[in-house]
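Reviewing the structure listed below.
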Amino acid sequence: MNAEIKFDFAECFEKLSGVAHAVPSEKAAVDEIISIITSKEAKCVALANLPKKLVTAIEKRCDGIKVLKEPYAAETLPAAIDEADVGITGIAFAIAQSGTLVETTTNDAVRLVSALTPTYIGVLRKADIVNRFEDGSARIREIVKEHDENLVISFISGPSRTGDIELKLTLGVHGPGEAHAVIIGK
C-alpha cells in the first residue's frame, strides 16, 4: 500500500508564480495585507467575501486609500473595479495539489474583485486547505447544496496567464499580474 503524497499548498502556489504568506493570526494577516497594499502604492482597494471583522481592520489601516466594499451592485461594480489597484477576497478553501484557491460567491459581480484588479490577494485559513482535488469535491458539493442558485465558483491558480502572444507565457494580460495567498493559522 502506497502512502498518500502530502502536497504543500504554498510550494505549489509559488510554482505558478503566486506568492504565499503564512501568518499566525488575523491581526498578522491584516499587517501582511497592508504591507502588500503599501508596496503596490495602491490608491484604491476592493474587498469581497471577507468576514466583517477583517473588513473593518483593513479599512482602519487604509488611511488615504479608497476602499470599495460590499454590497456591490452588478451594474456599478465593473466601472468601480477599474479604479482598484488591489482586490482582496475571502477564499472558501484551497487545493494543495494544484496550488489553487477556490472562491465562491452568489453575486457574479464580486468575482470581478479577484479577476480584474492588477494585484489580487486571497485570504484563507490554513484549516481550509485540502490536500487533493478529490478532497475538494465534497466541499464543492456542500457549497452547491447550500447555494443552489446563482453560484459562481472560481479556481485561482496564481496570476492570470496566457500563452497566445508569440507563444510566450505572459502574466497579467487577462487579469491580475500578481496573486497572493494570505494563509491564517499555525
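Figures for the structure shown
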| item | result |
| --- | --- |
| Residue tally, condition without any contact (Cβ under 8 Å) to a residue 40 or more places away in the chain and closer than 19 Å to Phe7 by Cα, over the stretch 80-105 | 0 |
| Extreme residue, nearest to Phe155 (Cα to Cα), among residues of the stretch 83-118 that are hydroxyl-bearing (Ser, Thr, Tyr) and in contact with a Ser or Thr (Cβ under 9 Å, 6 or more places away or on another chain) | Thr100 |
| The stretch 95-119, residues that are surrounded by fewer than 22 Cβ atoms within 10 Å (Cβ to Cβ), out of contact with any helix residue (DSSP H, G or I) (no Cβ under 7 Å at 6 or more places or on another chain) and either of a type in the set (Gly, Ala, Ser) or at positive phi (or both) | Ala115 |
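A quick yes/no check of all residues on (1) assigned to a helix (DSSP H, G or I); (2) modelled with pLDDT of 95 or more; (3) touching a strand residue (DSSP E or B) at 6+ places or on another chain (Cβ under 7 Å):
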position: His21; (1), (2), (3): no, yes, yes
position: Ile34; (1), (2), (3): yes, yes, no
position: Ile37; (1), (2), (3): yes, yes, yes
position: Glu41; (1), (2), (3): no, yes, no
position: Val45; (1), (2), (3): no, yes, yes
position: Lys60; (1), (2), (3): yes, yes, no
position: Glu70; (1), (2), (3): no, no, yes
position: Ala94; (1), (2), (3): no, yes, yes
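Rundown of residues vs (1) touching an Asp or Glu at 6+ places or on another chain (Cβ under 7 Å); (2) more than 25 Å from Cys62 (Cβ to Cβ); (3) at pLDDT below 90; (4) hydrophobic (A, V, I, L, M, F, W, C), yes/no style:
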position: Ala115; (1), (2), (3), (4): no, no, yes, yes
position: Ile121; (1), (2), (3), (4): no, no, no, yes
position: Leu124; (1), (2), (3), (4): no, no, no, yes
position: Arg141; (1), (2), (3), (4): no, yes, no, no
position: Arg161; (1), (2), (3), (4): no, yes, yes, no
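The values are calculated or read from the model by the stated rules, or taken from the named source; none is laboratory data. None of these values were measured; they are calculated from a predicted model. Using ideal geometry, Cβ is built from the backbone for each residue, glycine included, and neighbour counts are taken over all protein chains shown.
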